Amino acid sequence: MSNEFPQNFGSRITDEIVLFFFDIKSLEIKQYQYPTDFNEIGKNELENRLRIFKDAERAFVRILDTDYNEVKFKNYPNYMNSLFNSTVERYSFSINEDIEFVTDKTTIYGDRDLYGLTGAYADFIFVNKDDGTVELVKMKNQG
């Protein structure tokens, strides 16, 4: 939560809460080598929407690092049920809406135009299994 101010006269920020509801859509691209990976064709680890949702929540909470979140997920992506423990080698999260999240530590820009037709791009959180890094990749006005 950021750029906060009371919604009602006399109220405190800590008395108010804002919830953000998102729909999860996944895209998985795989490369197979014949014949060793032949049995893997058609299997998709990104069908479990709850697993993806939990992973995305942890990623955004960790990167935004707001003062209001008591749980910071500092060990993300090293959680038992995270995508980090799947066969997916790299993955990312972005927001497909024209909104931005601003905290004292960072800003994440979303963008409805994920294909870059307008020249604006959504920032994304990138997770790399090779070295366990989690980083915010800034794309705003880079096109």
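The values are calculated or read from the model by the stated rules, or taken from the named source; none is laboratory data. Computed from a prediction, not measured in an experiment: that's the story for all the values here. Neighbour counts are summed over all protein chains in view; Cβ atoms, including those assigned to glycine, are modelled from backbone coordinates with ideal geometry.
What to note about this one:
- Residue among Lys54, Lys30, Lys25 that alone is at pLDDT below 75 and of a type in the set (Lys, Arg): Lys30
- Scanning the stretch 74-99 for residues that are assigned to a loop (DSSP other than H, G, I, E, B) and farther than 18 Å from Asp131 by Cβ returns Met80, Asn81, Ile95, Asn96, Glu97, Asp98, Ile99.
The rows are residues; the columns are (1) within 18 Å of Ser26 (Cβ to Cβ); (2) touching an Asp or Glu at 6+ places or on another chain (Cβ under 8 Å); (3) of a type in the set (Asp, Glu); (4) touching a residue at least 40 places away in the same chain (Cβ under 8 Å).
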site: Lys74; (1), (2), (3), (4): no, no, no, no
site: Asn78; (1), (2), (3), (4): no, no, no, yes
site: Ser82; (1), (2), (3), (4): yes, yes, no, no
site: Asp98; (1), (2), (3), (4): no, yes, yes, no
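- Residue count, the stretch 100-111 (criterion: in contact with a Leu (Cβ under 8 Å, 6 or more places away or on another chain) and either free of Cβ contacts under 8 Å to residues at least 40 places away in the same chain or not basic (Lys, Arg) (or both)): 4
- Residues of the stretch 100-117 include none that is assigned to a loop (DSSP other than H, G, I, E, B), surrounded by 14 or more Cβ atoms within 10 Å (Cβ to Cβ), touching a Lys or Arg at 6+ places or on another chain (Cβ under 7 Å) and modelled with pLDDT of 90 or more.
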